[in-house]
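Beneath this line is the structure, given in structure tokens, with notes to follow.
The values are calculated or read from the model by the stated rules, or taken from the named source; none is laboratory data. Because the structure is a prediction, the values reported are computed rather than measured. All Cβ positions, glycine included, derive from the backbone under ideal geometry; neighbour counts span all protein chains shown.
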Amino acid sequence: MGSVNLPGPYLTLVSLLVIGLLGLVLRWAFAGDRNRDYGMLREVAKVPSQRAAEVVSERLRLAGVRTTTVPSPDGESLSIMVFPADEHRAITTLLDDTP
């Protein structure tokens, strides 16, 4: 097999296209997730303040549910997150009227 003899301008153009394509792929691959992915965690409550988050988290802790509090995507509130295995128990606990 022989080597390909491309004129200089074509070789430069192909090189720039490959570098540009690689840049786009890397930008896509490493772009920050705007939805703030928290892995397996599921949101069970959204509260307006840190104090409200503490109250909800304590109530769930007493029911045996581990929680994580994170800022909501809107930036105005906090989300209470739980693992999928605890999601049903957390929702049931929060909907229960007894303190």
Breaking point among (1) in a helix (DSSP H, G or I); (2) surrounded by 13 or more Cβ atoms within 10 Å (Cβ to Cβ); (3) of a type in the set (Gly, Ala, Ser), for ALA45: (1)
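Yes or no, residue by residue, for (1) surrounded by fewer than 15 Cβ atoms within 10 Å (Cβ to Cβ); (2) of a type in the set (A, V, I, L, M, F, W, C); (3) modelled with pLDDT under 95; (4) assigned to a loop (DSSP other than H, G, I, E, B):
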| site | (1), (2), (3), (4) |
| --- | --- |
| GLY2 | yes, no, yes, yes |
| LEU6 | yes, yes, yes, yes |
| ALA29 | yes, yes, yes, no |
| ARG36 | yes, no, yes, yes |
| GLY39 | yes, no, yes, yes |
What is the residue count in segment 48-68 for residues that are not hydroxyl-bearing (Ser, Thr, Tyr) and not in a helix (DSSP H, G or I)? 5
Segment 69-99 - residue that is in contact with a helix residue (DSSP H, G or I) (Cβ under 7 Å, 6 or more places away or on another chain) and not in a helix (DSSP H, G or I) and, of those, surrounded by the fewest Cβ atoms within 10 Å (Cβ to Cβ): THR69
